[in-house]
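The block underneath contains the structure these notes are about, expressed in structure tokens.
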Amino acid sequence: MRRRHAQRISIGLAAVVLAIVAAFPVAGQSTESFPTAELGEAFPPVLSPGWVERNLHGPDLAILDARPSIRAYAEGHLPGARHLTSDNLRSSAEGVPGRVYPIEMIETIAGRLGLTQYARIVVYGEGSDPHAAFVATVLRAAGLQHVSILDGGLARWSAEGRPLSRSLEAVAPTRVRLTPTTRLFVGLQEVRQAVENGSALLLDCRRREAFESGHLPGAVHRFWKEDLAASETDGAASFRPVEELEEEYRALGVGPQHPTIVYCTSAHTAASVVWSLRYRLGYPETRLYDGSWLEWASHPELEREPPEGPPAGIPLQALQRAREAARSLGSSLMGALLRELKAGGPLHALGVCYEIAPSIAAEHSVEGMTVRRISNKVRNTADTPDAYERVALRDLQWRHDQGKLPEETIEVVRSEGRRVLRYLRPILVKEVCLQCHGRPERIDPAVGEFLRERYPEDQATGYEVGDLRGAVSVTIELDDGEE
Ligand code: HEC
């Protein structure tokens, strides 16, 4: 009922909003320049590379490079650009990772970058990532009024052969006093109220699999990248035309008058949707839940739909892939081992293990995923754990000693700037394993001989039934857009 009402209002206002938005040069509509004289007070939410190049040295224009890597910035940026990333604007607080800093901190940061209240700020990212939108949204929330995003980011800028610079220019620091925009960010309490009394529509913009494995009660889903379209020539993304987005959002019940709270995993990609709705479509009632799913899911007393899902921030599809890969590697190896033991005893089986174990593992490793066996006491040195696995195995051993060995461990970690799913399934020693991993005196002398010859540094003997032998370890590289 509520939603139908909101739709009627949004249809009524659509024309007005269209008229306002049509005054701005928006991505995907034209690459025409935007003359400075016509800018007046309003600064459009998205600017074309052509306009930015012509106004590079214009008064009060500040360009911010929001790409996460300092090194990438040092290797080449827009002339005069200063570096400001999402992570410069937030940190863990109140148990929630990535909470935006209080206004005094933002004022300090803005001052160090030489910004003023009147600065006209253009933020850019790599091309289709949400970094620019996040930085731009935080600056707007802090009270800076003239903030825009460079259409197509650095990817389009460079593809069009526009100038890049490596120089690091000093900017004179400023003293900035800002009056934050009210009603842009929402906190847990307000979101809770919205869930309870339906005062706002909840919009989940994570991947569909993440949404399906657990979301805020009553939330509707739309993946953040739906707002963007990649250019065929340079691959960089632009926001799609306003009229198309309005129509699609209307179908979800999102309109100019209806309060909408947008969230994702950690508010990063949701900022892109907020930029789209609040500043391009002109829906002033759009808000960003900065604690997002990470915060909500960390409160066991809060409801979620469906009630059972994977831990917060773990993409379900990747988790299922990891589980399936670990299970399938385990059963292929076990199947081969039992078959060969039966066919010719341990010495024969040994030859097979030696031959096939590495190739079975390689077979299971495809498309950004590796599957392997690891141990803290290895037979084959190729199975030596990496730094993450070493710590995880030590932790598993400790938990095993406490009699609380979990069936699996799952974590999303950052590695060289990428998000990676790490999955471990413990391997326990069974009776049958002792023939080749048991106490040396229990091992057949011929088998012992073979092992000494093939694996002179073998540490994988002396086990008892029930010991932790190691783990199947699965590593999956996640897309940048998972958040
Ligand atoms: C017939 C002898 C034999 C039996 C029986 C055997 N293994 Fe192994 N195991 C090996 C050999 C040989 C390797 C090294 C394979 C390679 O070179 O990749 C190995 C390697 C491993 C590894 C990889 C880590 C490392 O140390 O290199 C794990 C884990 C493992 N075995 C667990 C088991 C378990 C659990 C069982 C019982 C279910 C078992 N093995 C039974 C011979 C055996």
Matching entry among 107, 126, 169, 160 (being more than 25 Å from the chain's Cα centre (by Cα) and surrounded by 17 or more Cβ atoms within 10 Å (Cβ to Cβ))
107
Right, residue 181: closer than 27 Å to residue 238 by Cα and hydroxyl-bearing (Ser, Thr, Tyr) or not?
yes
Filtered residue count, the stretch 348-372, keeping only those that are surrounded by fewer than 16 Cβ atoms within 10 Å (Cβ to Cβ) and within 13 Å of the ligand (Cβ to nearest atom)
7
Are any residues in the stretch 373-391 closer than 12 Å to residue 423 by Cα, within 15 Å of the ligand (Cβ to nearest atom) and out of contact with any Ser or Thr (no Cβ under 6 Å at 6 or more places or on another chain), and if so, which ones?
373
In the set 191, 147, which member is within 24 Å of residue 70 (Cβ to Cβ) and surrounded by 15 or more Cβ atoms within 10 Å (Cβ to Cβ)?
147
Take the residues of the stretch 142-157 that are more than 22 Å from the chain's Cα centre (by Cα) and aliphatic (A, V, I, L, M): which is nearest to residue 180 (Cα to Cα)?
142
Looking at 378, 366, 352, can you tell me which residue is β-branched (Val, Ile, Thr) and not in a loop (DSSP other than H, G, I, E, B)?
352
What single numbered condition from (1) without any contact (Cβ under 8 Å) to a residue 40 or more places away in the chain; (2) more than 23 Å from the chain's Cα centre (by Cα) fails to hold for residue 220?
(2)
Report, ordered by the first and then the second residue, all pairs with beta carbons closer than 9 Å, sequence separation of six or more or different chains, a first member in the stretch 321-336 that is closer than 19 Å to residue 347 by Cα and assigned by TED's automatic domain parsing to the domain that holds residue 470, and a second member that is modelled with pLDDT under 85 and more than 10 Å from the ligand (Cβ to nearest atom).
none
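The values are calculated or read from the model by the stated rules, or taken from the named source; none is laboratory data. Source: prediction; values computed, not measured. A quick note on method: Cβ atoms are made from the backbone with ideal geometry, for glycine too, and the neighbour counts reach across all protein chains shown.
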